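Written out below as structure tokens is the structure these notes cover.
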Amino acid sequence: MADTFTVVFHPLEKEVSVLPGSTVLAAIRSAGIQVESICGGKGECSKCKVILVQGDCDAGRPGAIKGLTGEEISRKYCRACQTHILGHCEFTIPVESRIDSPKILKNHYEQVHELTPSVTKHLLVTNHQHTHPVGPRSLKLEGYKGTRPQMTPDQLHQLTTAREDLTVTITRSDGYPEVMKIEAGDTRAHNFGVALDLGTTTVVGVLIDLCSGKVCAEGSVLNRQITYGEELLTRIAVAKKTGGKEKLQAAAVESINAVIGQLTAAAGVDALEIDDVCLAGNTVMAYLLLAHDPAILEVANIDIPRTPQVVKAQVLGIAVCPPARVFCLPNVSRFVGGDAVGDIVTAGMNASNELSLVIDLGTNGEVILGDSDWLASVSCASGPAFEGAGISSGMRAMKGAIDHVAIDVVSGEVSWTTIGNERPRGICGSGIIDAAAAMVAAGILDFTGKLVEGRSKVREGTGGLEFVLVPKEKTATGQDIVITRDDMAYLMDSKAATCASIGVLLKKYRVGIADIHHVFLAGAFGAYADTKKIIAFGIIPDFYRAEFHMIGNGSLSGACAALVSGKKRREATEVAKKMVYIDLLVDADFIEEYAAAVYIPGKPDYFPQH
């Protein structure tokens, strides 16, 4: 038997060598190809489909073709995570499995009026004619105010014996001033920082000139952890396996460095001139980046540290100035992390006397209620469905994804648009919400979310009733794009979980929908979905008196604010300390609220105008 077998992937024309018995998904990971794999290779989602071109593998066995249509099986489709390499092979990765040109939310805004970064540069001007033979002289750094910065004996010697002008970089990220580096000449104009949103699905970064506060460049990539699974619990399970934690940390660092590479190339900045990094991410992402064991996050009501984590870039392998600090916005609980803290700082609800609500439905959902006096939070696993995950024809927001849907209530005709105006490959989160709301209005769905037999374009499928959104002759895949009975059950579960999580906060704090003054919608959910349809379908209550704000990538905005403002860093720390967290896994009110939310639109008290 050969020691390794060669596997070729078309149309990317990538070739890798793998051990006999390796799965095709493992080979795809080795090739650095990003494909859909929501379940992380557990054989549950059937998204990692490939087509066998030639070679020796077990593509025809039951496990490899489970969940595939007869047409797909006839075209030699198989599931990459359940197909094993037994010889040299060639596969095609079909368009529906490839992650191609994703639509990544980068927009951010900061309301920082005073530029006070944690890293500053100061010139030490020496008297070239004076040799200071008697002993050490007093040091004066131009523009520096505060206590004498800590430094090593070598740094002190370098400064006190200098015969030329030096630039001294001071960092305060550890809570006190410290000399980070010393450079010859005047390099004060070259002081940059990077703000990062380390998301479960995407990593987005911004390069900022710390001298002026100006944004120099933006960049983004998909999180390379995706092929290990899209859901947080799946990644925790991977981390518990031998070597899993190291693989996930390496994937996170590679993703961050890829973003930094984009930023420096776009701005023409040397990576060694990046002196500060501020990062926001959910608790699991932060734990995986810092190589902490995330298994503890599976325990309900567990207390975790709420202080910011600060680590040197060189310890993590992040490609900036080696002694630069990576400041991680503090976490609140096992599933409410620094990204949610960033949302709050961005929204400014921690400084407002008016009652507000922040809703951020990404891969994981967070909801925060409160004002300047108090804050309370919950998290729910509702986001994946609203990003296209877990839906038979679902896909992330990228080229060819249906992003908006309308249905004529009289004729039943369906119209849609796609990202990039390409032939449809599937449907993303905003499209699914649009479609569900339109199907209700057209009578295709009843108030329980079930498909109504006999309605236009509703037919019997292999798993029950299904609605044909786009017929196969109009798609890029050559297959019908449908919304199935099981899709609707999953979507109804996600909708009910989201509305119920909001309901828990309203009930516990005796707040009515009319009491909410502001609703801040964060992330892609808020940026791309239609608010009226979100309410019509019952995902969130009808806060009819509230002013709605779309804050974009609040996590990134919060990281940007903390990068350029010491005050915002302190605010973030205070927000994390005082926020109450309610764990819905063990909360009795959640079951009651959920039961009321499994109808369209939901609890009558929350939808008085519907």
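The values are calculated or read from the model by the stated rules, or taken from the named source; none is laboratory data. The structure displayed is predicted, hence computed values, not measured ones. Here the Cβ is made from the backbone with ideal geometry for all residues, glycine too, and neighbour counts use every protein chain on show. All accessible areas refer to the heavy atoms of the entire protein, side chains included, with ligands and DNA or RNA removed. Shrake-Rupley method; radii C 1.70, N 1.55, O 1.52, S 1.80 Å.
Below is a table of values for the structure above.
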| read-out | value |
| --- | --- |
| Within segment 6-37, backbone nitrogen closer than 15 Å to the virtual label 7 Å beyond the Cα of residue 86 toward Cβ | 20-24 |
| FRET E, pair residue 233, residue 66, Förster distance 25 Å, beta-carbon r, rounded to 0.05 | 0.70 |
| Residues whose placed amide H lies under 5 Å from that of residue 326, excluding near-sequence neighbours | 311, 312, 313 |
| Cα gyration tensor shape of segment 483-597, rounded if a/c is under 1.5, else prolate or oblate by comparing a/b with b/c | prolate |
| Dipole of the chain [Lys/Arg +1, Asp/Glu -1 at C-beta], most positive-end residue of 415, 458, 318 | 318 |
| Label-point gap, in nm, between residue 371 and residue 595 - each point 7 angstrom along Cα→Cβ | 3.3 |
| Qualifying lysines (Cα of each under 17 Å from Cα of residue 140; at least 8 residues distant if same chain) | 121, 181 |
| Within segment 360-511: Cβ-based charge dipole about Cα centre, in debye rounded to nearest 20 (Lys, Arg +1; Asp, Glu -1) | 120 |
| The chain, dipole about Cα centre (Lys/Arg Cβ +1, Asp/Glu Cβ -1), debye to the nearest 20 | 680 |
| Over 29 Å between alpha carbons, listed pairs 42/603; 42/245; 14/247; 474/533; 247/312 | 42/603 |
| Amide proton proximity set for residue 375, modelled H, under 5 Å, gap of 5+ | 580 |
| FRET efficiency, 1/(1 + (r/R0)^6) with R0 30 Å, evaluated for residue 301 and residue 532 via beta carbons | 0.20 |
| Subset of 47/240; 241/450; 66/472; 49/399 violating a 28 Å alpha-carbon distance limit | 241/450 |
| Within segment 347-409: Cβ-based charge dipole about Cα centre, in debye rounded to nearest 20 (Lys, Arg +1; Asp, Glu -1) | 340 |
| Normalised contact order of segment 329-370, rounded percent, pairs of Cα under 8 Å and 6 or more residues apart | 28 |
| Accessible area of segment 526-610 divided out per residue, in Å², using a probe of 1.4 angstrom | 43 |
| Estimated 222 nm signal from helices in the chain, with DSSP H stretches of n ≥ 4 weighted -39500 (n - 2.57), rounded to 500 | -8000 deg cm²/dmol |
| Computed label-point distance, nm, for sites residue 156 and residue 545 using a 7 Å Cα→Cβ extension | 6.3 |
| Nearest 10 degrees, 0 to 90: helix 244-267 Cα axis against the chain principal axis | 70 |
| Positive dipole terminus of the chain, leading residue within 296, 442, 520 (C-beta point charges) | 296 |
| Crossing angle, helix 338-347 versus the chain [Cα axis fit, 0-90 degrees, rounded to tens] | 80 |
| Gained length - residue 293 relative to residue 578, 0.36 nm times residue gap less alpha-carbon distance | 100.1 nm |
| Derived scalar couplings ³J(HN,Hα) [segment 76-82; Karplus, 6.51 cos²θ - 1.76 cosθ + 1.60; whole Hz; x for Gly, Pro] | 6, 6, 8, 8, 4, 6, 10 |
| Length added when fully stretched, residue 411-residue 315, from 0.36 nm per residue minus Cα-Cα | 28.3 nm |
| Calculated FRET value between residue 184 and residue 250, using beta carbons and R₀ = 41 Å, to 0.05 | 0.75 |
| Aspartates and glutamates with Cα under 14 Å of residue 76, excluding same-chain neighbours fewer than 8 positions away | 56, 58, 90 |
